[in-house]
Amino acid sequence: MTSYSPNKLFSFCFFILCFALSAYAQDSTFQNTLSYIKEHKPSQYATLDSILKPFESDSLKMKQLLKNSKTSNYYAASCYALNALGIINRNISNYNTSIKYHENAQKYADSAKNVELKIISLNMIGVAYRRMDVIKPALDYHTEALKIAYSATNPSSTIRRSIAVSQNSIGNIYMALKQYDLAITQFDKSLKLEEQDNNKLGLAINYHNIGYAEEAKGNLSAALTNYQKSLDYNNAIDSEIGRVICYNSIGGIYLKQENFEEAEPIIREALEKALNLDDQFYITSSYLNLGTLEFQLNQFSIAEKNLKKALNIASSYNLKSSVADASKLLSKINEKNKKYDVALDYYQKAVEIENTILTEQNLQYVNDIVIEYENENKNNQIKALALENEAVRLRLERNKNILLFTSLLIAILGTILFIMNRTKALRRDKHILTLEQDMLRSQMNPHFIFNSLNSIKLYIINNEKENAVYYLNKFSKLIRKILMASKEKETSLEDELETMKLYMNIENIRFSNEIDFKINVDPSINTEITKIPSLVLQPFLENSLWHGLSSKTDNKKIELNVFKKSSKFIVVEIVDNGIGRIASQKIKEQKKLKRNSVGIDITKARLANFSESFEDSYSLKIEDLYTDNSPSGTKISLLIPTNKLKSKV
């Protein structure tokens with residue numbers, strides 16, 4: 001008779017007590033959760049999942065949830081419970097039971113009129129069929145889920161996640177059909193959606209699937225990289241089943257690279273974890289990998305034992321691809337053992353299953369599509385015959401009249417809109433032309449021309465031939481530039497600055513060359529490609545001359561500074577040290593003959609028109625300068641836009 005020490009007995013009793021208390025606490029929490037959802041009845045999947053996720057792997061609790069929600073006609077919770085039970089059964093390879101649960105979940109989603117839950121249910125049915133290598137219904141269910149998801153306006157994160165699941169599953173279907181590039185395209189689409197929502201589980205799944213496709217294409221290093229990424233994400237979310245999948249896949253790569261030393265421990269760890277999880281699908285994969293390793297190490301008897309385990313499980317759960325893979329390897333082992341008849345049986349079995357998968361996936365689906373098309377065609381013919389009656393003829397006639405009147409109305413409206421737009425364009429062109437004419441008149445005003453010629457005439461009378469010729473050349477060059485500029489809406493900054501130099505040189509004659517005029521340009525500005533309205537700076541320089549400096553006795557200065565304030569604008573500053581605007585206004589009021597300057601107003605209108613082609617508008621600021629509270633000049637700051645609007649295709 002076995003005896004127990006008091007300490008051991010106490011430890012055992014304490015463990016049992018702790019376990020009972022833990023179970024009671026968890027059950028109490030679940031009962032509180034049931035009471036909460038019964039009272040509030042949340043309908044969105046994200047809310048339901050956040051509340052029920054701790055219990056979703058417990059089949060007893062999910063069955064209790066299903067029972068309670070059915071009693072209270074709480075369809076959304078019933079759907080959630082059925083899908084959870086379907087996933088539980090899928091994970092232990094009870095695929096037919098899983099499909100029944102998900103199909104019932106779809107019905108409850110329809111009753112709840114919940115699009116999110118319906119899409120999830122359809123996807124789960126597709127996943128179960130795909131695990132069984134039954135491709136046509138898998139593809140149909142995932143396609144239907146995608147269709148509903150894409151039709152949703154402002155899709156929720158749950159729907160976006162469902163789209164990712166659908167695309168991932170369709171990628172797996174392409175994998176089964178050996179269309180690896182098409183599969184990678186689907187996995188990449190799913191991966192981008194998972195990255196947007198930072199869903200680490202989805203990222204783990206897609207990186208693993210991309211690795212699987214790359215492995216099938218023979219790109220082993222790329223496959224290994226993607227498997228490692230998947231494993232990192234599975235470790236981050238502490239997914240044991242994810243680790244099993246990645247260990248099997250990484251072990252498979254090591255086998256193909258004949259790196260048996262690293263392959264063996266990771267394959268054995270995958271098998272151990274799969275057995276603990278009791279997932280028959282991944283137990284089969286692990287036995288297949290282990291058998292392959294032992295086969296390559298020439299350990300044929302042990303390999304045969306493990307491969308037969310894989311074959312038995314795969315046959316029991318209708319895992320066709322695994323049956324084919326195990327049969328192929330068993331054929332090779334029996335061939336090595338010179339059991340050629342047994343080897344042939346296994347090989348024929350493998351080929352038969354592979355052909356069945358491919359023909360079921362391709363020919364059956366094509367035949368179904370043809371049948372569906374023929375049925376639809378017959379239905380259309382019946383409808384066409386039924387529509388051949390007088391009522392339909394009258395309806396068509398009425399529709400014809402409506403179409404005729406609608407077309408006529410659209411044509412009239414189109415003509416009116418065209419005329420309105422054309423009229424608007426003509427008015428705008430006329431306005432621009434008027435501005436250009438006004439600009440030319442302001443630049444070519446008779447006072448300026450007369451005074452300039454008089455100044456040159458004085459040089460001739462005083463026998464200052466060189467000065468006369470020098471200024472006459474500048475005057476003619478200025479007039480030519482003004483006339484040329486009047487034909488263009490805009491000019492380069494370099495050409496504008498050169499014209500302003502000529503203008504100031506001519507005007508300076510009348511001031512006995514007393515004006516110190518300087519132009520400073522930021523070296524970072526490319527004056528040849530920077531465009532501004534032609535002759536836009538002349539009115540501001542004219543104001544500085546005649547309103548700021550003409551009444552001043554000495555030390556007359558004007559600076560023209562060009563620099564960049566941002567990538568969107570260039571800034572042109574005209575700074576004079578004249579008498580200021582207040583003193584200038586007083587002098588102007590005392591004059592008997594008052595001359596209204598319209599140059600600035602015209603310039604503003606031209607700048608506004610120029611800015612229409614740019615992202616930003618111009619701005620103009622005029623400020624008085626003071627030194628010790630006394631007027632010391634005027635500064636004009638003009639911001640001219642440089643970033644043009646993108647042309648519309």
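FYI, it's all coordinate maths here, none of it is from the lab. Just so it is clear, the structure is predicted and the values come from calculations on it, not from any experiment. A quick note on method: Cβ atoms are made from the backbone with ideal geometry, for glycine too, and the neighbour counts reach across all protein chains shown.
Some points to look at:
- Applied to the stretch 31-47, the Karplus parametrisation 6.51 cos²θ - 1.76 cosθ + 1.60 on θ = phi - 60° returns per-residue 3J(HN,Hα) values of 4, 5, 5, 4, 5, 5, 6, 5, 6, 8, 6, x, 9, 6, 4, 4, 5 Hz, with x for Gly and Pro.
- Residues of type aspartates and glutamates that Lys328 reaches as a straight line, Cα spacing below 14 Å, ignoring anything fewer than 8 places off in the same chain: Glu304, Asp341, Asp345, Glu352, Glu354
- For the stretch 552-565, Karplus couplings with θ = phi - 60° (6.51, -1.76, 1.60), whole Hz, Gly/Pro x: 9, 7, 8, 6, 9, 9, 9, 10, 10, 10, 10, 8, 9, 9
- As a proxy for reagent exposure, Glu103, Glu39 were ordered by neighbouring Cβ count within 10 angstrom, fewest first; the result is Glu39, Glu103.
- Here the calculated FRET efficiency for Leu344 and Leu394, from their Cβ-Cβ distance with R0 = 56 Å, stands at 0.15, rounded to the nearest 0.05.
- Simple spin-label estimate for Glu615 and Asp522 gives 1.6 nm between the two label positions (7 Å along the Cα-to-Cβ direction from each Cα).
- Panel values: the stretch 178-238, Kirkwood radius from alpha carbon pairs, Stokes-Einstein at 37 °C and 0.692 mPa s, translational diffusion coefficient 289 µm²/s.
- For Arg130, Arg395, order by how many other beta-carbon atoms lie within 10 Å, fewest first: Arg395, Arg130
- Site pair Thr143 and Asn276 shows an inter-label distance of 4.2 nm when each label is modelled 7 Å from Cα along Cα→Cβ.
- 3J(HN,Hα) along the stretch 91-107, derived from phi through the Karplus expression 6.51 cos²θ - 1.76 cosθ + 1.60 where θ = phi - 60°, amounts to 5, 10, 6, 8, 5, 4, 5, 4, 4, 4, 4, 5, 5, 5, 4, 4, 5 Hz, with x in place of Gly and Pro.
- 5 angstrom amide H check on Glu488, placed H, neighbours 5+ away: none
- Cα convex hull of the stretch 256-355 - mean projected area over all directions, nm²: 6.2
- Highest to lowest packing among 196-208, 46-58, scored as the average C-beta count within 10 Å: 196-208, 46-58
- Arg268-Leu645 FRET efficiency (beta carbon distance; Förster radius 45 Å; 0.05 resolution): 0.10
- Contour minus Cα-Cα distance for Ile600 and Leu408 (0.36 nm per residue): 64.2 nm
- Each label was represented as a point 7 Å from its Cα along the Cα-to-Cβ direction; for Lys565 and Leu297 these points are 7.8 nm apart.
- Fewest-first ranking of Met420, Met484, Met62, using other Cβ atoms within 10 Å as the exposure measure: Met420, Met484, Met62
- Relative to the 2.2 N^0.38 Å rule of thumb, the stretch 444-641 has a C-alpha radius of gyration ratio of 1.06.
- Amide N proximity, the stretch 612-645 versus Glu573 label position 7 Å along Cα-to-Cβ, cut-off under 20 Å: 618-642
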